[in-house]
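The structure appears below as structure tokens.
The values are calculated or read from the model by the stated rules, or taken from the named source; none is laboratory data. Predicted, not measured: the structure shown is a model, and the values here were computed from it. So basically every Cβ, Gly included, is an ideal-geometry build from the backbone, and we count neighbours across all protein chains shown.
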Amino acid sequence: MRKGLDPRILSYLYGVMIKTNNMKWSNSDKDCAFQCARNSGFQMDVNGFRISVQFGPGNYIQDSDIRYRTENDAPMSFTHWGTDTAEVLIWGRNNVPINWDHGDTVIGWVNSDTVARLIGCLVNCPQDEDPTQALQQIADAGCA
């Protein structure tokens, strides 16, 4: 142990790491409004929805070196990690992932402007409306 680090803090951080590695990603089984995923993505609550934006190894992203030839843990060894596109999953208010027109629950190769528009759509969605059609139109217009 390094000199000066409080053992209580180390114990807390270790507990957070263990909990994070065992976490079930959903719209209802979470502890906080923002979460990060292995330094290559994040999830956040938006108006009762939950959006996941992932951009690491194995995700549907434009950089094929990262997608196909990078080890899953590689992003953890970088201070800054990034790509130009990301994979997006959105859970509805009913904790069920939104299904996109192609029959999958994720859309890939999404640029940052499109992610921002998807989030804006969720922010402005009235409580009694389903945003799926509007989200699909945003995705169709903006995916890289």
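Within segment 75-97, the only residue that satisfies the criterion of being in contact with a Phe, Trp or Tyr (Cβ under 9 Å, 6 or more places away or on another chain) and more than 25 Å from N39 (Cα to Cα) is R93. Being aliphatic (A, V, I, L, M) and more than 23 Å from A33 (Cβ to Cβ) narrows it down to one residue among A139, A116; which is it? Of the residues listed, the single one that is aliphatic (A, V, I, L, M) and more than 23 Å from A33 (Cβ to Cβ) is A139.
Please go through segment 33-48 and pick out each residue that is out of contact with any Phe, Trp or Tyr (no Cβ under 9 Å at 6 or more places or on another chain) and farther than 23 Å from N124 by Cβ. R38 - this is the single residue of segment 33-48 that is out of contact with any Phe, Trp or Tyr (no Cβ under 9 Å at 6 or more places or on another chain) and farther than 23 Å from N124 by Cβ.
Looking at segment 122-138, which of its residues are part of a helix (DSSP H, G or I) and either buried (at least 19 other Cβ atoms within 10 Å of the Cβ) or free of Cβ contacts under 8 Å to residues at least 12 places away in the same chain (or both)?
Across segment 122-138, the qualifying residues are L122, Q133, L135, Q137, I138.
Could you tell me whether any residue of segment 98-116 is out of contact with any Phe, Trp or Tyr (no Cβ under 9 Å at 6 or more places or on another chain), at pLDDT below 95 and outside any loop (DSSP other than H, G, I, E, B)? Within segment 98-116, none of the residues are out of contact with any Phe, Trp or Tyr (no Cβ under 9 Å at 6 or more places or on another chain), at pLDDT below 95 and outside any loop (DSSP other than H, G, I, E, B). Across segment 5-38, the number of residues qualifying as at pLDDT 75 or above and either of a type in the set (F, W, Y) or assigned to a loop (DSSP other than H, G, I, E, B) (or both) comes to 5.
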